[in-house]
1. Provide Rg and Dmax in Å for the chain, with only Cα atoms included in the calculation.
2. Give the relative contact order (percent, whole number) for the stretch 158-237; include only Cα pairs under 8 Å separated by 6+ residues.
3. Just want to confirm a number: the relative contact order over the chain, from Cα pairs under 8 angstrom separated by 6+ residues, in percent.
4. How large is the accessible surface per residue of the stretch 249-357, computed with a 1.4 Å probe and reported in Å² as a whole number?
5. Order the following by accessible area, largest value first: ASP42, ASP179. Probe radius 1.4 Å; ligands, DNA and RNA are ignored.
6. Could you pull the accessible area for ILE350 with a 1.4 Å probe, rounded to 10 Å²?
7. Any idea what the dipole of the chain comes to, in debye rounded to 20, about its Cα centre with Lys/Arg Cβ at +1 and Asp/Glu Cβ at -1?
8. So how far apart, in nm, are the two label points at GLU74 and LYS280 if each is 7 Å from Cα heading toward Cβ?
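The values are calculated or read from the model by the stated rules, or taken from the named source; none is laboratory data. What you are looking at is a predicted structure, and each value in this text was computed from that prediction instead of being measured. Note that each Cβ is placed from the backbone with ideal geometry, even for glycine, and that neighbours are counted across all protein chains shown. Please note that ligands, DNA and RNA were not included when accessible areas were found on the heavy atoms of the full protein model with its side chains. Shrake-Rupley method; radii C 1.70, N 1.55, O 1.52, S 1.80 Å.
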Amino acid sequence: MKKNRRKTKLIKVGNVGIGGGSPVSIQSMTTTLTKDVKKTVDQIKELERAGCEIIRVGVPDMESAKAIGRIKKEINIPLVADIHFSVDLAIESINQGADKIRINPGNFPKSGLAEIVKLAKKKRIPIRIGVNSGSLEKDILKERAKATPEMMVKSALQSIRLMEKLKFYNLVIAIKASDAPRTIKANQLLAEKVNYPFHLGVTEAGGEFSGTIKSAVAFGALLSEGIGDTLRVSLSADPIKEVKAGWEILKSLELRERGLTIISCPTCARSKIPVIQLSKYVDENFSDLPFKKPFKIAIMGCVVNGPGEAREADLGVVGVENENVAIFEKGKFVKNIKSQEIKSFLRKKIESAAKTS
């Protein structure tokens, strides 16, 4: 899969590369008022610890734009200013040190857009063009009541050509719908027409459960085809959940590795240990540990598939007869322990691995 990534331009957002063979990066967006610098910085730092690599903040007013400089001094990842309608807010955000701005060129006057582009060139920062199915230009929406992938691509190309006429090519493109099928098709169509890197997203995806599934379907289809260079799982939930979901999607496709990976069986009548409870225990207590290297743990209920999965993990526990649990480390059987010892054993081993691995 890694060899079949779509070839795109390399765009730098701060110290993070997007496209051009760079790893697919994880983004999120703050839910705080940007002008509340302390709350915004606190949330960004939490997101950094969770693995967020690029953060976006909303800029609805001048006070928020002016806060960007202070926020930048306190964080360690690139910051993107999300702006609509206002040239002044875009200019101020760039002057305050934003590493990238996100705009929809269609809702900026051309003279103002030229001013934004001129300053972005001077500061050497990219612009993300964001096209959403729910906010297409009026002339395009005349074609049909519901936006089609073809209409979304038409809108994106209009914006791209407008930027290119201004001789600006430092672009990242996002083309999104609120459902997976249109998102997939629109990105596939646009990928045939331009070589800019793509930001993947399903806009207004929904709550934590349904939104994660919807995003995983869209991203899985596109990333499997090599389409997509950075992503955000847009959820009506704590943005920490967005980051975790993004990482799990990339880990599932073997595009990135990070932290703890849990392999566990769904359990059945053969299970000799409480797999569901143990998996939840590990996930809730150890997923956020700062592992220096990826660490895989297998929690398996019986000997049918247990030993095989355990051999492929850094640490494996398999339920066997007589209330025993077989322990595997780095693919090799080590010993049996009693099932009542399993939680304390897991805690000791995982915490030790987080410090050394």
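1. For the chain, the Cα-based Rg and Dmax read 23.0, 78 Å.
2. 32
3. The value is 13 percent.
4. Per residue, the stretch 249-357 has 57 Å² of solvent-accessible surface.
5. ASP42, ASP179
6. 0
7. The dipole magnitude comes to about 1080 debye.
8. 3.6
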